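Chemist: My questions all concern the structure below.
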Amino acid sequence: MDTRNFDEKILDSYSQTVSGVFQKASLAVVNILVQHQSQGSGSGFVFTPDGYIITNSHVVHGARRIEVCFIDGRRTEAQLIGDDPHTDLAVIHVGLQDLNYLHLGDSSRLRVGQIAIAIGNPYSFQCTLTAGVVSALGRSMRSQSGRLIEEIIQTDAALNPGNSGGPLLNSLGEVIGVNTATIFPAQGLCFAIPSNTAKFIATEIMRSGYVHRGFIGVMVQNVILPKGLIHMGKIPVESGVSITHIERGSPAERFGLHAGDVIVGMDEKIVSSIDDLHKLLTKFDSGHEYRLTIIRDFEKIVIFIVPQLS
């Protein structure tokens, strides 16, 4: 067997895949120019034919003016529909029709090792392509607001300043993530917000301009539970969320929560940290009565509570 010819065929196949994705996807990738206190830039991609664009919150948050540049040279002003600093995602809109757009794929089907293709505008070099693989799944990272973003995709497709908000694509040209961060000075450690998160957040922003989250009106801190309490109370967690303060007139006050209560569960989900509580309140159903499992005076009790919209 001629291994040289075999290797060339593999390379050709890979190159054709990556090049084909770029040729189609680049038409929907935009360069975003923003005016804050100073000039800034980032990337984004069209995800509907009538001009809705996904980017990062940190690219457009607080912008006085947003301008979008397409690969064909068109430039137009964009309107900020809404942004969510907790997930570092935003939606902007341009008044153009019949645009090329990208499909949001299913990030839950990703596998480590599959092709990952990033397109963006690093250092304002418009429509730059980098390619690599999905290096890891299920990472977590802090947003600028301090909340934890879950299910982050790690890739070695090189990202640089200006790539923020651009798409991470699979070999079919579907968006699997929104490029958001790198770790300096490390090389090959780049991260993207999963497309399933982007779908949920973009839908919420387009519906109301912001993301609905549940509010119960408590200040909390993470605490370690005594081992004896874990054993005697048959509690499946070693830590919980201690309430340090309750806001007057809040659902927490109305439904009987007290300062000093330790939340360890919400409905059938474990709450072992503030991040767990934030995650569950982000996905809450309006009007739903939730079953909070708490520790009060070394006893496990249940409180029913209906969060309000924040």
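The values are calculated or read from the model by the stated rules, or taken from the named source; none is laboratory data. Not measured: the values here are computed from a predicted model. Cβ: placed from backbone, ideal geometry, glycine included. Neighbour counts: every protein chain shown.
Chemist: Looking only at residues that are modelled with pLDDT of 95 or more, of a type in the set (Gly, Ala, Ser) and in contact with a Ser or Thr (Cβ under 8 Å, 6 or more places away or on another chain) in the stretch 96-119, which one is nearest to LYS24 (Cα to Cα)?
Modeler: Per the criteria, the residue is ALA118.
Chemist: Something else: Looking for whichever is closer than 20 Å to PHE191 by Cβ and assigned by TED's automatic domain parsing to the domain that holds GLY162 here; the options are VAL30, VAL60. Which one fits?
Modeler: VAL60
Chemist: Could I ask something else about it? Could you say whether any residue in the stretch 148-169 is of a type in the set (Ser, Thr, Tyr), outside any loop (DSSP other than H, G, I, E, B) and out of contact with any Ser or Thr (no Cβ under 7 Å at 6 or more places or on another chain)?
Modeler: Within the stretch 148-169 (the criterion being of a type in the set (Ser, Thr, Tyr), outside any loop (DSSP other than H, G, I, E, B) and out of contact with any Ser or Thr (no Cβ under 7 Å at 6 or more places or on another chain)), the answer is no, since none of the residues qualifies.
Chemist: Right, next: Tell me yes or no: at least one residue of the stretch 131-142 is out of contact with any Asp or Glu (no Cβ under 9 Å at 6 or more places or on another chain), assigned to a loop (DSSP other than H, G, I, E, B) and assigned by TED's automatic domain parsing to the domain that holds ASN179.
Modeler: Looking through the stretch 131-142, none of the residues is out of contact with any Asp or Glu (no Cβ under 9 Å at 6 or more places or on another chain), assigned to a loop (DSSP other than H, G, I, E, B) and assigned by TED's automatic domain parsing to the domain that holds ASN179.
Chemist: Something else: Look at ALA252 and say whether it is assigned by TED's automatic domain parsing to the domain that holds LYS300, at pLDDT 90 or above, part of a helix (DSSP H, G or I) and not aromatic (Phe, Trp, Tyr).
Modeler: yes
Chemist: Going through VAL178, VAL220 one at a time, which residue ends up being assigned to a strand (DSSP E or B), crowded, with 23+ Cβ neighbours inside 10 Å, touching a residue at least 12 places away in the same chain (Cβ under 8 Å) and hydrophobic (A, V, I, L, M, F, W, C)?
Modeler: Testing whether each residue is assigned to a strand (DSSP E or B), crowded, with 23+ Cβ neighbours inside 10 Å, touching a residue at least 12 places away in the same chain (Cβ under 8 Å) and hydrophobic (A, V, I, L, M, F, W, C) leaves just VAL178.
Chemist: ASP285: in contact with a strand residue (DSSP E or B) (Cβ under 7 Å, 6 or more places away or on another chain), surrounded by fewer than 20 Cβ atoms within 10 Å (Cβ to Cβ) and closer than 24 Å to THR87 by Cα, yes or no?
Modeler: Here the answer is no, as ASP285 does not meet what is asked.
Chemist: Of all residues in the stretch 196-214, count the ones that are of a type in the set (Gly, Ala, Ser), over 9 Å from the mean Cα position of the chain (by Cα) and under 25 Å from LEU137 (Cα atoms).
Modeler: 1
Chemist: Additional query: Listed residues GLY265, GLY228, GLY287, GLY240; which is among the small types (Gly, Ala, Ser) and in a loop (DSSP other than H, G, I, E, B)?
Modeler: Only one candidate qualifies: GLY287.
Chemist: Quick check on LEU80: is it assigned to a loop (DSSP other than H, G, I, E, B), closer than 17 Å to GLY165 by Cβ and aliphatic (A, V, I, L, M)?
Modeler: For LEU80, the condition - assigned to a loop (DSSP other than H, G, I, E, B), closer than 17 Å to GLY165 by Cβ and aliphatic (A, V, I, L, M) - is not met.
Chemist: For the stretch 112-125, which positions are over 18 Å from the mean Cα position of the chain (by Cα) and farther than 25 Å from GLY40 by Cα?
Modeler: Selection gives VAL112, GLY113, GLN114, ILE115.
Chemist: Identify the residue in the stretch 20-47 that is in contact with a strand residue (DSSP E or B) (Cβ under 9 Å, 6 or more places away or on another chain) and hydroxyl-bearing (Ser, Thr, Tyr) and, among all such residues, is farthest from LEU172 (Cα to Cα).
Modeler: So the residue we want is SER41.
Chemist: Do the conditions hold for VAL178, that is, is it out of contact with any Leu (no Cβ under 6 Å at 6 or more places or on another chain), modelled with pLDDT of 95 or more and farther than 23 Å from ASP297 by Cβ?
Modeler: Yes, satisfied.
Chemist: Which of the residues that make up the stretch 291-304 are surrounded by fewer than 21 Cβ atoms within 10 Å (Cβ to Cβ) and touching a residue at least 24 places away in the same chain (Cβ under 8 Å)?
Modeler: The answer is ARG291, ARG296, PHE298, GLU299, LYS300, ILE303, PHE304.
Chemist: Let me ask something additional. Out of everything in the stretch 71-92 that is more than 14 Å from SER57 (Cα to Cα) and among the charged types (D, E, K, R), what residue ends up being surrounded by the fewest Cβ atoms within 10 Å (Cβ to Cβ)?
Modeler: By that ranking, first place goes to ASP72.
Chemist: I would also like to ask the following. Which one is nearest to the chain's Cα centre (by Cα), of the residues in the stretch 92-109 that are outside any loop (DSSP other than H, G, I, E, B) and within 17 Å of LEU168 (Cα to Cα)?
Modeler: This residue is SER107.
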